[in-house]
Amino acid sequence: MNNIKVFCIPFAGGSAGSYYSWKKRLADLGFNLCAVELKGRGQRFREPLYDSFEEAVEDIFEQIQMKVKEEPFVIFGHSMGGMLAYAVAEKIVKTMGHRKFVLVISGVNPPHARVEQNLHKLTKEDFMIQMEKLGGIPKEVLDNKELYDMCARIMFSDVKMLELYKFPEKQEPLPVPFTILYGEKDSVTNERIMEWKNYSSISCESYKFTGGHFYIIEETSKVCALIRKSFIKLPL
């Protein structure tokens, strides 16, 4: 096993850079980090933010499609990234017919069990108060007004497009294995996160971490190890 691609999709307000610290850990395990860059941030800073969830899915799908043929790979997404990862995986199966990949979803309930919060209806100040409670915003951003305002704009746009998107009521299980990760103190998820098992016709394993919504920051090594564990079980 060597250089297996792991496509990591950012959480709301995040960028490809959110996963750069994973590169060596994944490489040591035989994987190649392919951090997905979304519009309006990082190297794509000058591009406009997405107008819709569907636009984001299409963009991520095109990025992955260019980098894979028939080889197996992994898609990982945390929080908003987890929901995007699921929608992209669905498109990959339907459009490319590709089934040799593992879907690792972190910190988000399945589509039918999403927690309705309507955060996009809050004022900017109240919205960011809620975001700060989840953690995950670097101290250098909190201490820099210009960076903070930019982060707030991106996070608000991301959360709005996710909250306004309505998943189809009936969805066929995907013929790919799922691995579900979550923090036991996460306010975004609840016991219904286990219902992801209904979205895979192959298998669905779940792993609980101590910590809140951004447990992935403190538990990077364990998360990467679980990515490897999930992949080696992939039926090829």
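Segment 207-236 and segment 59-90 have Cα centres spaced 17 Å apart. Here the Karplus relation 6.51 cos²θ - 1.76 cosθ + 1.60, evaluated at θ = phi - 60°, turns the backbone of segment 18-32 into coupling constants of 4, 10, 4, 5, 7, 4, 5, 4, 5, 4, 4, 9, x, 10, 10 Hz, with x for every Gly and Pro. Separation of segment 1-34 and segment 147-195, taken as the distance between their Cα centroids, equals 19 angstrom.
What translational diffusion coefficient, in µm²/s and rounded to a whole number, does the Stokes-Einstein relation yield for segment 43-92 at 10 °C and a viscosity of 1.306 mPa s, taking the hydrodynamic radius as the Kirkwood radius over Cα pairs? Numbers along the way, then the final one.
Values: Rh = 11.8 Å.
It comes out at roughly 135 µm²/s.
For L181, the residues whose modelled amide H falls within less than 5 Å of its own, excluding neighbours fewer than 5 places apart on the same chain, are I105, S106, G107, Y207.
How compact is segment 1-45 by the rule of thumb for globular proteins, expressed as Cα Rg over 2.2 N^0.38 Å? Display every interim value, and only then the final one.
Numbers: Rg = 11.1 Å, N = 45, 2.2 N^0.38 = 9.3 Å.
My calculation over the Cα atoms of segment 1-45 gives 1.19.
Please report the base-10 log of the normalised intensity I(q)/I(0) for segment 82-173, using a Debye sum with one equal scatterer per alpha carbon and no solvent, at each q in 0.11, 0.19, 0.23 (1/Å). Log-scaled intensity ratios, in q order: -0.43, -0.98, -1.21.
Dividing the helix sum by the residues of the chain, where each DSSP H run of 4 or more adds -39500 (n - 2.57), gives a mean residue ellipticity at 222 nm of -11500 deg cm²/dmol. Counting only alpha carbon atoms, the long axis of helix 124-134 and the longest principal axis of the chain meet at about 50°. Among residues other than L174 with Cβ under 10 Å from its Cβ, the summed charge is 0 (Lys and Arg +1, Asp and Glu -1).
The tail of the calculated P(r) for segment 55-118 beyond 15 Å holds 51 percent of all Cα-Cα pairs.
Relative to the longest principal axis of the Cα atoms of the chain, helix 220-232 runs at roughly 30 degrees.
Below 13 angstrom from the Cβ of C151, what's the summed charge of the other residues (Lys, Arg +1; Asp, Glu -1)? Walk me through the numbers on the way to the answer.
Values: positive: R41, K124, K139, K145, R153; negative: E132, E140, D143, E146, D149, D158.
Spelling it out: positives minus negatives among the neighbours equals -1.
Count charges around Y165 for me, please; just the other residues with Cβ under 12 Å from its Cβ, Lys/Arg as +1, Asp/Glu as -1.
On the way: positive: R114, K160, K166; negative: D51, E54, E55, D158, E163.
For residues surrounding Y165, the net value is -2.
Couplings 3J(HN,Hα) of segment 175-191, computed from phi: x, 9, x, 10, 10, 10, 10, 7, x, 5, 9, 6, 7, 8, 10, 8, 4 Hz, in residue order, whole Hz [Karplus 6.51 cos²θ - 1.76 cosθ + 1.60, θ = phi - 60°; x for Gly and Pro]. Taken over the chain, the alpha-carbon convex hull comes to 118 cubic angstrom per residue.
What is the angle, in °, between the Cα long axis of helix 145-164 and the longest principal axis of the Cα atoms in the chain? Nearest 10 is fine, range 0 to 90. Once rounded, the angle reads 60 degrees.
No value in this document is a laboratory result; all are computed from the given coordinates. On a predicted model such as this, the values are computed, not experimentally measured, just so you know. With ideal geometry, Cβ positions are generated from the backbone for all residues, glycine too; neighbour counts draw on all protein chains shown.
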